[in-house]
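A.B. asks: Below is the structure I would like to discuss, written out as structure tokens.
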Amino acid sequence: MSAVGAAPTLYRTLLGERCDRLPASVRRMHDRAGLQRYRGEASVVRGRSWLSRLCAWAARLPPQTQGAIEVEIDADAHGERWVRRFDGHAMPSRLWAQQGLLCERLGLLRFAFVLEADESAVLWRVHGVHALGIALPQRWFDGVTAMESESEGRYRFDVRAELPLAGLLVQYWGWLDVG
């Protein structure tokens, strides 16, 4: 839980009491202010078409790899700055709350997600996407999902991005030690 008198964390702002029911490692991951660093392992699979490679480049998605991942989260009252490093490839993003949605700027794109949460997981569902300020059809992003959960006491993640015509852009999954 957030420190007494401190501004609520991003997830606590968006999830309210549901934050208390999250798996322990997921709650620890998202209920801390300040700078946190986590390490773990991840597998990344990338699409092979020219269009999927172009879209992945625009979003600064990681290359295909399997190995170490480091995640740095700097959380303050305005949101969170994330830097995910997959075997040295940095994937930075900025997250904030807006109108009850989790917003994320990732490369040239700005996503808005609805967070669904219960005692087993958090599921991110795309609510809207803008590229260079232009709204894109939401149905294009039905194949974009992210899930956070816990297994064997570890924080687990599984992110998949697939688009019509382009196919798979990226899927990455793994674990982090969030202590």
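A.B. asks: Search the structure for amide H atoms under 5 Å from the amide H of V170, placed 1.01 Å from N in the peptide plane, and list their residues when 5 or more places away or on another chain.
C.D. replies: G47, A161
A.B. asks: Normalized C-alpha radius of gyration of the chain, against 2.2 N^0.38 Å?
C.D. replies: Here the answer is 0.99, to two decimals.
A.B. asks: Give me the dipole magnitude in Debye, nearest 20, for the chain about the Cα centre, with unit charges on the beta carbon: positive for Lys and Arg, negative for Asp and Glu.
C.D. replies: 560 debye
A.B. asks: Going toward the positive end of the dipole of the stretch 10-177, with +1 on Lys and Arg Cβ and -1 on Asp and Glu Cβ, which of V45, G174, A146 do you reach last?
C.D. replies: V45
Read-outs: derived from the displayed coordinates by stated rules, not from any lab. In this text, all values refer to a predicted model and were calculated from it rather than measured experimentally. Methodologically, a virtual Cβ is constructed for each residue, glycine included, from the backbone with ideal geometry; neighbour enumeration extends over all protein chains shown.
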